[in-house]
Amino acid sequence: PGKSALDKQLGEQGVTQARLAYGDALHEAGRTLLKGWFAWLRERQQGMQWQGQVASLKEQLQAVEKRKKAGDASKLEQMSAEAALSQAESGLAQAKFREQGAVTELERRFPGIQLPAQVALSEPQVVEQDAAYWREQIVEHNHELAAARADTRRWQLALSRAEADQTPDPALGLRYANERGGEERIVGLSVSIPFGGRGRAAATEGARAQYEMASYREAAVLAKLEGEAENLLNGAKASYSSALSAREAAQRISASAELMARAYALGEHGIAELLLAKRQALEANLAATLAQLDAIEARYRLLLDAHQLWPIDADEHEGEHAQH
């Protein structure tokens, strides 16, 4: 009876590990989707920035050509404006190529995904709660740690089962025989008690070693996970601060570029200074947009690992999995 109960627990533990493996697969798929989604958004936003730069430089070139016809601009100014436009068009083409690559990668990994035509970026949000809260949430819902704990439990049960095998299983036999036409009736009773040998003792020691190894792996996974949770939180906070700083810098540089455009229109500055200001404004806006996306993704990744973004537990309703 004792061995039967251990066998039942071992079977149940196998089901638990399979469920955890399913949940871990969902979690990893969520991470892959989140990463691919923001990779696409980054390329898309860069393409939009370059597209705006191309439109602005086309207008600038038209203005230079008009001034040249009026005798207020030189051929050199026109060539500079044309070169800046060509560079912007090249940047736009490269951005579109990278965006298409990101789309292909997403659709290859997630064939049913439908990318929206328009995406409104949300504002970066500060991460609430302290490190202890997020560490507890991530540790509690982490599939890798749960799988390590389940593996430790499985080897603990295997050790108990191996130790139980060292206790002999006695077999009671009853035999009846009828011979010589019923003149002789024989009733026999047999009892067999096997003795455990070195093989069973070695199996027990092997199971004990596996149990100890599983315990060490569990401790290592927990330590690694706590460090990762701390890094995720610090990264989310740092990304939020960086996004705010990058936005402020982009606003100031863009305002400076607008003033430079007015100054050029009044003849106070040359085309070279204006094109440089436009280029700096583009780079600042690109950096601000990427910093905004970094902050949003870092917070979402923290929510994902804490199971507060999508339902990705194996024991949740399969309908929810299909929906999300």
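The values are calculated or read from the model by the stated rules, or taken from the named source; none is laboratory data. Since the structure is predicted, the reported quantities are computational estimates derived from the model, not experimental observations. Quick reminder, even Gly has a Cβ in these numbers, built from the backbone with ideal geometry, and neighbours come from all protein chains shown. Accessible surface areas use protein heavy atoms only, side chains included; no ligands, DNA or RNA. Shrake-Rupley method; radii C 1.70, N 1.55, O 1.52, S 1.80 Å.
For beta carbons closer than 9 Å, sequence separation of 6+ or different chains, a first residue in region 87-112 that is closer than 28 Å to Lys58 by Cα and a second that is hydroxyl-bearing (Ser, Thr, Tyr) and open to solvent by less than 50 Å² (accessible area, probe 1.4 Å), the qualifying pairs are Ala88/Ser56.
If you go through region 201-236 and keep only what is over 30 Å from Ala164 (Cβ atoms) and among the polar types (S, T, N, Q), you end up with Asn231, Asn234.
Matching residues to (1) modelled with pLDDT of 95 or more; (2) surrounded by 16 or more Cβ atoms within 10 Å (Cβ to Cβ); (3) in contact with a helix residue (DSSP H, G or I) (Cβ under 6 Å, 6 or more places away or on another chain); (4) among the small types (Gly, Ala, Ser):
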{"residue": "Ala265", "(1), (2), (3), (4)": "no, no, no, yes"}
{"residue": "Ile271", "(1), (2), (3), (4)": "no, yes, yes, no"}
{"residue": "Asn285", "(1), (2), (3), (4)": "no, yes, yes, no"}
{"residue": "Thr289", "(1), (2), (3), (4)": "no, yes, yes, no"}
{"residue": "Leu303", "(1), (2), (3), (4)": "no, yes, no, no"}
{"residue": "Ala306", "(1), (2), (3), (4)": "no, yes, yes, yes"}
{"residue": "Trp310", "(1), (2), (3), (4)": "no, yes, yes, no"}
{"residue": "Glu316", "(1), (2), (3), (4)": "no, no, no, no"}
{"residue": "Gly319", "(1), (2), (3), (4)": "no, no, no, yes"}
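Looking at region 103-113, is at least one residue polar (S, T, N, Q) and either part of a helix (DSSP H, G or I) or surrounded by 15 or more Cβ atoms within 10 Å (Cβ to Cβ) (or both)? Within region 103-113 (the criterion being polar (S, T, N, Q) and either part of a helix (DSSP H, G or I) or surrounded by 15 or more Cβ atoms within 10 Å (Cβ to Cβ) (or both)), the answer is yes, since at least one residue qualifies. Here is the figure for region 200-216: residues that are buried (at least 16 other Cβ atoms within 10 Å of the Cβ) and either under 30 Å from the mean Cα position of the chain (by Cα) or acidic (Asp, Glu) (or both) total 2.
On the stretch given as region 127-172, residues that are hydrophobic (A, V, I, L, M, F, W, C) and on the phi > 0 side of the Ramachandran plot total 0. Among the conditions (1) loosely packed, with under 10 Cβ neighbours inside 10 Å; (2) assigned to a helix (DSSP H, G or I), the only one that Glu136 does not satisfy is (1).
Can we say Leu293 is within 23 Å of Gln156 (Cβ to Cβ) and either open to solvent by less than 50 Å² (accessible area, probe 1.4 Å) or in contact with a Phe, Trp or Tyr (Cβ under 9 Å, 6 or more places away or on another chain) (or both)? No, not satisfied.
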